[in-house]
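Participant: Sharing a structure with you now.
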Amino acid sequence: MDSQIAVPMTVMLLAAVWMIVTMIRIVEFLRRRGRKINLLWLRVMIFQYVSEYRRITMQEFGRPGTLYYQMSTSGLLALAGAVFLFLALRAR
């Protein structure tokens, strides 16, 4: 595999794993706070859960929690990796 393809693909996959782990941690945070989580609709409701996590941590600490920033950063990295992968495949 060409390194022009391997690097963005690796970045994209690692960022996606990081994002999934962060989603699980946010769901557990909300579950410990008494929020009912529907695991069947998690893929659809995750942005609502992230927004709720941000609201709760803003009330408790005065700033968004670290998981909010991790979710944003990993999503942007996955998107950037996908764009660079698309451009690398298109240039072939």
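The values are calculated or read from the model by the stated rules, or taken from the named source; none is laboratory data. Here the structure is a predicted model, which means the values were calculated and not measured. Counting neighbours? That spans all protein chains shown, and the Cβs are built from the backbone with ideal geometry, glycine included.
Participant: For THR57, are the conditions met, namely being assigned to a helix (DSSP H, G or I) and either of a type in the set (Gly, Ala, Ser) or within 12 Å of the chain's Cα centre (by Cα) (or both)?
Facilitator: no
Participant: Next up: PHE47 fails exactly one of the following numbered conditions: (1) under 30 Å from PRO8 (Cβ atoms); (2) at pLDDT 95 or above; (3) surrounded by fewer than 16 Cβ atoms within 10 Å (Cβ to Cβ). What is the number of that condition?
Facilitator: (2)
Participant: Do you know which residues across the range 71-92 are under 23 Å from PHE29 (Cα atoms) and either surrounded by fewer than 16 Cβ atoms within 10 Å (Cβ to Cβ) or in contact with a Phe, Trp or Tyr (Cβ under 7 Å, 6 or more places away or on another chain) (or both)?
Facilitator: Step one: filter the range 71-92 for residues under 23 Å from PHE29 (Cα atoms), giving 71-76.
Within the range 71-92, SER72, THR73, SER74, LEU76 qualify.
Participant: Based on what the data block shows, is ILE5 of a type outside the set (Ser, Thr, Tyr), over 13 Å from the mean Cα position of the chain (by Cα) and part of a loop (DSSP other than H, G, I, E, B)?
Facilitator: Taking the combined requirement at face value, the residue does not satisfy it.
Participant: When residues of the range 60-72 are filtered for being more than 15 Å from the chain's Cα centre (by Cα) and assigned to a helix (DSSP H, G or I), how many remain?
Facilitator: 2
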